[in-house]
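The next block holds one structure in the form of structure tokens; read it before the comments.
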Amino acid sequence: MLGRLGRRALFSLDPETAHGLSIAALKTGLPLCGRVAPDERLKISLCGLDFPNPLGMAAGYDKNAEVPDALLGLGFGFAEVGTVTPLPQPGNPKPRIFRLTRDEAVINRLGFNNEGHERCLERLLIRRGRQGIVGVNIGANKDSPDRMADYEEGVRRFASVASYLTVNISSPNTPGLRAMQLRENLAELLARVTAARAERASDGGRTVPLFLKIAPDLGGAELADIAAEVEDKGVDGVIVSNTTLSRDGLRSAFAGEAGGLSGKPLFARSTAVLARMRKLLGREKAIIGVGGVRSTETALEKIRAGADLVQLYTGMIYCGPTLPGRIVTGMTRFAEAEGLSSIRDIRDARLAYWAGQHID
Ligand SMILES: Cc1cc2nc3c(=O)[nH]c(=O)nc-3n(C[C@H](O)[C@H](O)[C@H](O)COP(=O)(O)O)c2cc1C
């Protein structure tokens with residue numbers, strides 16, 4: 001009831017104002033939902049990190065690391081902050097977020113609006129030493145003369161405060177950024193960021209786990225190139241996926257807006273790409289599945305398609321702040337009902353089905 005009232009109030013505001021209000025609500029520290037009981041069967045050890053459960057907040061919600069601990073308090077097993085760029089930048093002109101209510105989707109063309117490395121680092125330094133897995137998603141400034149150098153700087157800056165780092169080259173809203181996914185560019189970028197990581201580790205720091213976040217609009221040959229470079233450069237895993245440029249089957253008035261589409265219509269496409277990536281990378285590499293997760297069942301299906309961990313963003317816009325707790329509690333019930341000792345036991349159970357799904 002409260003959730004429905006909250007949603008009605010927030011949906012009467014423009015999406016960016018509503019987003020700001022939700023961050024402000026989290027900042028108050030008031031409990032927005034009940035505590036989620038921890039469960040041994042949901043724990044995932046991956047890349048040297050111990051996740052209390054497999055569900056995380058995706059990048060883009062907390063771009064400036066203002067509320068990572070409050071997000072963990074909603075029941076998420078981890079939170080990814082960013083995308084953060086070296087210099088602050090305003091992003092694209094407003095309006096730049098659109099709710100496609102009939103489709104349970106969002107189109108955004110924010111363009112990496114954020115307060116920059118320094119501000120984000122200050123906040124993360126304050127929370128240093130606290131429990132909870134907080135990843136940092138790094139990007140490049142729109143007007144940077146050397147975008148690869150921006151990623152190197154991100155690695156150097158955040159290696160010691162981030163639980164893991166995500167190299168985000170899949171936003172459709174920074175012109176030319178997605179070209180970094182092409183083999184030659186990617187080879188150079190990954191060589192440079194892994195070198196920056198090794199440099200920080202040799203200064204006495206740890207080797208921070210490094211993920212690559214990719215688009216869902218890549219063909220088979222492009223995915224194979226990415227998998228080969230991830231293997232070759234020793235990247236720890238892949239996040240599949242960012243928003244899509246596809247507009248298949250939408251009914252909402254805003255369907256024609258430019259930007260990246262997220263939410264329910266992204267589920268099948270991103271899950272199929274996730275399964276393909278799992279087949280290419282083999283059993284050992286880490287994969288985080290994201291795109292259209294909005295229930296326990298959709299979260300479990302990402303794991304069945306090959307994901308070790310799952311993230312969501314748009315689902316919370318439509319279902320409210322109790323969604324992560326409900327999904328995690330649902331996972332515990334599922335493990336109980338199926339007699340699983342670990343939720344990981346269902347990984348890859350529907351890999352063949354999802355890898356065979358047609359997407360154009
Ligand atoms: C408003 C908005 C802003 C986003 N900003 C970022 C971002 O800064 N960096 C990033 O890697 N992904 C960003 N994303 C993409 C999400 O992290 C996620 O990959 C995508 O939305 C698919 O998941 P979902 O369907 O659960 O939303 C953003 C998504 C939305 C809706």
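Taking the condition away from the ligand (no atom under 12 Å from the Cβ), more than 17 Å from V290 (Cα to Cα) and buried (at least 18 other Cβ atoms within 10 Å of the Cβ), does L110 pass?
It is false that L110 is away from the ligand (no atom under 12 Å from the Cβ), more than 17 Å from V290 (Cα to Cα) and buried (at least 18 other Cβ atoms within 10 Å of the Cβ).
I need every pair where a residue in region 335-360 that is surrounded by 14 or more Cβ atoms within 10 Å (Cβ to Cβ) has its Cβ under 7 Å from the Cβ of a residue that is among the hydroxyl-bearing types (S, T, Y), sequence separation at least 6 or different chains.
W354/T271
In region 124-140, what count of residues is obtained for those that are touching a residue at least 12 places away in the same chain (Cβ under 8 Å) and surrounded by fewer than 18 Cβ atoms within 10 Å (Cβ to Cβ)?
The number of residues fulfilling the criteria is 5.
Take the residues of region 226-241 that are under 19 Å from E301 (Cβ atoms) and either open to solvent by 10 Å² or more (accessible area, probe 1.4 Å) or among the hydrophobic types (A, V, I, L, M, F, W, C) (or both): which is farthest from the ligand (Cβ to nearest atom)?
V238
Just give me the residues in region 128-160 being among the hydrophobic types (A, V, I, L, M, F, W, C) and either part of a loop (DSSP other than H, G, I, E, B) or more than 17 Å from G60 (Cβ to Cβ) (or both), in sequence order.
I133, A140, M148, A149, V155, A159
Do we have G249 as farther than 27 Å from N113 by Cα and within 16 Å of the ligand (Cβ to nearest atom) here?
Yes: the conditions hold for G249.
Out of G34, G6, I need the residue that is closer than 30 Å to P93 by Cβ, at pLDDT below 85 and open to solvent by less than 60 Å² (accessible area, probe 1.4 Å). Which one?
It is G6.
Restricting attention to region 84-105, and to residues there that are open to solvent by less than 10 Å² (accessible area, probe 1.4 Å) and near the ligand (Cβ under 10 Å from one of its atoms), which single residue is farthest from N168 (Cα to Cα)?
A105
What tally of residues in region 256-291 results from selecting those that are of a type in the set (G, A, S), within 15 Å of the ligand (Cβ to nearest atom), more than 24 Å from L190 (Cα to Cα) and part of a helix (DSSP H, G or I)?
2
Consider region 107-127. How many of its residues are closer than 21 Å to M57 by Cβ and not in a loop (DSSP other than H, G, I, E, B)?
Qualifying residue count for the region: 12.
Pick out, from region 295-360, the helices (runs of 4 or more DSSP H) lying fully within it that include 1 or more residues that are under 16 Å from the mean Cα position of the chain (by Cα).
By residue number, 296-304, 314-319, 323-338.
Test R178 against the criterion of being surrounded by 16 or more Cβ atoms within 10 Å (Cβ to Cβ), among the basic types (K, R) and touching a helix residue (DSSP H, G or I) at 6+ places or on another chain (Cβ under 6 Å), and give yes or no.
When the stated conditions are applied, R178 does not pass them.
In this structure, is F76 open to solvent by less than 30 Å² (accessible area, probe 1.4 Å), within 16 Å of the ligand (Cβ to nearest atom) and more than 26 Å from K285 (Cβ to Cβ)?
no
The values are calculated or read from the model by the stated rules, or taken from the named source; none is laboratory data. Treat the numbers as computed from the prediction; the structure is a model and nothing was measured. Positions of Cβ are generated from backbone atoms using ideal geometry, with glycine treated the same way; all protein chains shown enter the neighbour counts. Side chains included, ligands, DNA and RNA excluded: accessible areas come from the protein's heavy atoms. Shrake-Rupley method; radii C 1.70, N 1.55, O 1.52, S 1.80 Å.
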